[in-house]
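Notes to accompany the following structure.
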Amino acid sequence: MAKPLNIGMIGYGFMGRAHSNAYNRVSNFFDLPLRPVLKAACARNAAAVQAFADRWGYESIETDWRRLIERPDIDAVDICVPNNLHREIALAAAAAGKMILCEKPLAMNSAEGEEMCQAVERAGVPNTVWYNYRRVPAVTLAKRLIDEGRLGRIFHYRANFLQDWTISEDLPQGGAGLWRLDAAAAGSGVTGDLLAHCIDTAIWLNGRISDVGAMTETFVKQRMHNLTGQVEPVGIDDACAFLCHFQNGSLGLFESTRYARGHKALYTFEINGEHGSLKWDLHDLHRLEFFDHGDEGRLRGWRSIHVTDHSGDHPYMDKWWVPGLQIGYEHSFVHQVADFLEAAARGESAAPTFRDALETQQVCDAVLRSASERQWATVG
Ligand code: SOE
């Protein structure tokens, strides 16, 4: 019989919905030692958070996150608010002995991230950071193939995350939905929001990054600020590209922008090794492309693996429908909750932990430093 784990959700935006959906569905599909209970949702706007709570099934609401954290009936706090609030909430939640699930990126910068790591480690509370793409089954399969040595020595890692939603100069910055354009709330632009995903996956698949050479651009230099009503300078990076060295000797090439007209959320990566290559595309997320140089010469070519097998060969898929029927974006969050609940029942964290996510934060910091100083930067 699964033990209840009471969730306190802070925030109700896009990620508040994605995580709530995952909590609601996970116990229907996975046999787990813990069962999430949507105990309370918290945000400043009482009417809006009540509507959110009613829609997703939260039992109660709070309008002050401190009050939520004080509640003895909350076991785990989910931080789904803008990046500039992660640190303060995480420190308070850790001090109160709550488990923490924090939205990405971990923090505004690595100094904050280090403080947050120390807080959860001192408190000994299970934690995780929502870098969800690791748990798309095709991406998890890529990890298994690499760990089995099927690519051999890795030479190249290439990743892109392309969007086009901020091209209009009329789009304001700041406030609900648009805080991602406000440097004071987000810390950075595409580097922390989109490249952070690519970096997390890259470190997981290919190991640590040692140094970076980056460039960033802010194409729209000023925008109306929704909170002040003034036209204000834009402090975020609209686009970022960087080269890097991985500690295993391979070379990395990363690009992200919100100005790639026609692309809404195109996350792709490709890895080239001595014996084979892998590539993945978020728009075709259930497929993993694999080239195996060990194949018989006349049949050698890219194979497209439909990652939907039910036998246990394809990660997570035995929990869903029948072979051949695919799942989607939202399931990556269900998988992360499932892994977190397994780990939390043992008093452990689920990867990426705060400490894992700090590595990504350190790469982001180095990328921004390199771009602003126009020279290569060492990570850490
Ligand atoms: C931004 O548009 C965004 O929603 C990111 O914040 C998410 O992390 C990414 O997965 C999709 O794009």
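Taking R0 as 22 Å, what's the FRET efficiency between Arg153 and Gln375 from their Cβ-Cβ distance, rounded to 0.05?
0.15
Averaging Cα coordinates gives a centre for the stretch 199-268 and one for the stretch 55-134; these two points are 25 Å apart. Each of Trp179, Trp130 has some number of other Cβ atoms within 10 Å of its Cβ, and from fewest to most they run Trp179, Trp130. Couplings 3J(HN,Hα) for the stretch 363-380, derived from phi with the Karplus relation 6.51 cos²θ - 1.76 cosθ + 1.60 (θ = phi - 60°), are 5, 4, 4, 5, 4, 5, 5, 4, 5, 6, 8, 6, 8, 4, 10, 7, 7, x Hz, where x marks Gly and Pro. Charge dipole (Cα centre; +1 on Lys/Arg Cβ, -1 on Asp/Glu Cβ; no other charges) of the stretch 3-132 amounts to roughly 280 debye.
The spacing between the stretch 326-349 and the stretch 159-177, judged by their C-alpha centroids, is 29 Å.
Bridging of Lys3 to aspartates and glutamates at a Cα separation below 15 Å is possible for Asp31, Asp73, Asp75, Glu342, once same-chain residues fewer than 8 apart are set aside.
The order of His197, His245, going from fewest to most other C-beta atoms within 10 Å of their C-beta, is His245, His197. For the stretch 3-132, the Kirkwood estimate of hydrodynamic radius, built from reciprocal distances between every pair of different alpha carbons, is 14.6 Å.
Averaging 1/r over each pair of different alpha-carbon atoms in the chain and inverting the result gives 21.5 Å, the Kirkwood hydrodynamic radius.
For the stretch 165-211, the Kirkwood estimate of hydrodynamic radius, built from reciprocal distances between every pair of different alpha carbons, is 12.3 Å.
Eigenvalues of the alpha-carbon gyration tensor of the stretch 1-79, scaled by 5 and square-rooted, set the equivalent ellipsoid semi-axes at 21, 14, 9 angstrom, largest first. Were the residues from His275 through Glu169 laid out at 0.36 nm apart, the gain over their Cα-Cα distance would be 33.5 nm. Simple spin-label estimate for Asp292 and Lys264 gives 3.5 nm between the two label positions (7 Å along the Cα-to-Cβ direction from each Cα). When each of Ser372, Ser349 is scored by the number of other beta-carbon atoms lying within 10 Å, the sequence from fewest to most is Ser372, Ser349.
For the pair Asp31 and Glu330, what calculated FRET efficiency results from E = 1/(1 + (r/R0)^6), where r is the Cβ-Cβ distance and R0 = 22 Å, to the nearest 0.05? The calculated FRET efficiency here is 0.65. Normalised by residue number, the volume inside the convex hull of the Cα atoms of the stretch 117-193 is 192 Å³ per residue. When Rg and the Kirkwood Rh are both derived from Cα coordinates, the Rg/Rh ratio for the stretch 207-342 amounts to 1.07. Each DSSP beta bridge with both residues in the chain is either parallel or antiparallel, and the antiparallel ones are about 60%. Exceedance of the 32 Å cut-off in Cα-Cα distance is limited, within the set Lys104/Lys279; Lys98/Lys319; Lys104/Lys143; Lys39/Lys264; Lys104/Lys319; Lys39/Lys221, to Lys39/Lys264; Lys39/Lys221.
Modelled label positions at Arg144 and Gln247, each set 7 Å beyond Cα in the direction of Cβ, lie 2.6 nm from each other. Across the options Thr128, Ile209, Gly192, the greatest Cα extent toward the positive end of the charge dipole of the chain (unit charges at beta carbon of Lys, Arg, Asp, Glu) belongs to Thr128.
Annotation: amide H of Ile236 within the under-5 Å range of Ala183, sequence separation 5 or more or interchain, hydrogens built in the peptide plane.
Just want to confirm a number: the relative contact order over the chain, from Cα pairs under 8 angstrom separated by 6+ residues, in percent.
It comes to 20 percent, rounded to a whole number.
Computed about the Cα centre, the dipole magnitude for the chain is approximately 320 debye when only Lys and Arg (+1) and Asp and Glu (-1) carry charge, each at its Cβ.
Bear in mind that the values in this text are calculations on the coordinates, not laboratory data. Small disclaimer: the values here were computed from a predicted structure and weren't measured. Virtual Cβ from ideal backbone geometry, glycine too; neighbours counted across all protein chains shown.
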